[in-house]
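Right, one structure below, let's go through it.
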Amino acid sequence: MYYGVKLMMNAKSAWLEGMKNWEGRLPERMIDDQLEESFWDQFLQRKRAEVATDGYVQELGRELLSFIEEGDEVLEIGPGWGNYTFAAASKAGALTCVDSSASVLGYLEREARAKGLSNMSFVHAKWEEYEPPARHDVVFGVNCYYRMQAIDQAMANMNNAAKRWAVIGMTSGPEKPHYWEIYEKLGYKIRFSRRDYIHLTNLLYELGIDVNCKIVPLQKTYVYETMEQFVSQNLSAIMETDYDRAKAEAILLNHLSWVDGKPAYVHHFKAALLYWRPERTISLTR
């Protein structure tokens, strides 16, 4: 294990600060469990009508599956609507899903039955508070850390629960490029994302974990029904109450594409996969 140098920073504090919105407050979903449950219940009601899956999910899923061997016992943290869950279950010997939302787990259980997957089990718990009864060959979670205030405990739990690999996936950045152009050229304040994989990289470093990082290029195409929708949704992160919309729109239009006659935005972005082989049990002082 490489202990590195003592950083003059506190990664957990930086993470907690990043949980706040640009007005300096924690959004209600970050602290209200019932509100979070309601969000997922309503989201999954809409999700049932959807068929297509974003192409970038498949690309990132292929990278994740490379950590899983046939017959592995795998644990997934915060599976959400199952972007990576069912592919993992199809390759693994057994898959345990841990999620704080009962609606999510109910949805996944129904989908597993419909797909004929009998090797899945479900645990209703917050990961940072959960102690698995046994270790798993692979423990992974993608984009599931946004509400975890005890993020150091969540990372320690991943390390302690994994035999061979612990894997973190994040697709929170980079921002759509037109926002950076608006910020740099016009000086407008933008609601940029406030957390990314680098926060967890630093936190793992402070925990004495030698983490590897793989950057995966991805692409997502947003298609809009009207030009007004294209413009309004892609300028919504501007914080200024009074700004020159024409100038901002001129920058945005440089990124306009068309798909089947509809305005579209092709966003090239990246995911980060942080992965490590656990070397020791980590115990935090509470």
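The values are calculated or read from the model by the stated rules, or taken from the named source; none is laboratory data. From a predicted model like this one, the values you see are computed outputs, not experimental measurements. Reconstructed Cβ throughout: ideal geometry from the backbone, glycine too, with neighbour counts over all protein chains shown. Please note that ligands, DNA and RNA were not included when accessible areas were found on the heavy atoms of the full protein model with its side chains. Shrake-Rupley method; radii C 1.70, N 1.55, O 1.52, S 1.80 Å.
Structure data summary
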{"item": "Boolean, Y145 is under 30 Å from N202 (Cβ atoms), buried (at least 16 other Cβ atoms within 10 Å of the Cβ), at pLDDT below 95 and within 18 Å of the chain's Cα centre (by Cα)", "result": "no"}
{"item": "Long-range neighbours under 7 Å by Cβ, at least six apart or interchain, first residue closer than 20 Å to S103 by Cα within segment 46-72, second open to solvent by 60 Å² or more (accessible area, probe 1.4 Å) and modelled with pLDDT of 70 or more", "result": "K47/W81"}
{"item": "Verdict on S172 being polar (S, T, N, Q) and farther than 30 Å from E73 by Cβ", "result": "no"}
{"item": "Top-ranked residue of segment 90-103 - restricted to ones that are surrounded by fewer than 24 Cβ atoms within 10 Å (Cβ to Cβ) and of a type in the set (A, V, I, L, M), ranked as farthest from N143 (Cα to Cα)", "result": "A94"}
{"item": "Residues located in segment 167-180, provided they are surrounded by 17 or more Cβ atoms within 10 Å (Cβ to Cβ) and assigned to a strand (DSSP E or B)", "result": "V167, I168, G169, M170, T171, S172"}
{"item": "Hits in segment 249-279 - residues which are part of a loop (DSSP other than H, G, I, E, B), open to solvent by 100 Å² or more (accessible area, probe 1.4 Å) and touching a residue at least 60 places away in the same chain (Cβ under 8 Å)", "result": "R277, E279"}
{"item": "Test: residue in segment 55-78 that is of a type in the set (A, V, I, L, M, F, W, C) and at pLDDT below 95", "result": "yes"}
{"item": "Residue tally, condition assigned to a helix (DSSP H, G or I) and basic (K, R), over segment 142-156", "result": "0"}
{"item": "Qualifying residue in segment 203-223 (condition: of a type in the set (S, T, N, Q), farther than 22 Å from A248 by Cβ, touching a residue at least 24 places away in the same chain (Cβ under 8 Å) and not in a helix (DSSP H, G or I))", "result": "yes"}
{"item": "So N234, is it surrounded by 11 or more Cβ atoms within 10 Å (Cβ to Cβ) and in contact (Cβ under 8 Å) with a residue 12 or more places away in the chain", "result": "yes"}
{"item": "Qualifying residue in segment 86-99 (condition: within 19 Å of the chain's Cα centre (by Cα) and modelled with pLDDT under 95)", "result": "no"}
{"item": "Tally of residues being outside any loop (DSSP other than H, G, I, E, B), open to solvent by less than 40 Å² (accessible area, probe 1.4 Å) and among the aliphatic types (A, V, I, L, M) across segment 104-117", "result": "4"}
{"item": "Matching residues in segment 186-197 - criterion: being outside any loop (DSSP other than H, G, I, E, B) and either more than 13 Å from the chain's Cα centre (by Cα) or loosely packed, with under 15 Cβ neighbours inside 10 Å (or both)", "result": "L186, I190"}
{"item": "Test result for R164, open to solvent by 40 Å² or more (accessible area, probe 1.4 Å) and either assigned to a strand (DSSP E or B) or touching a Cys at 6+ places or on another chain (Cβ under 9 Å) (or both)", "result": "yes"}
{"item": "L44 open to solvent by less than 50 Å² (accessible area, probe 1.4 Å), modelled with pLDDT under 95 and touching a strand residue (DSSP E or B) at 6+ places or on another chain (Cβ under 8 Å)", "result": "no"}
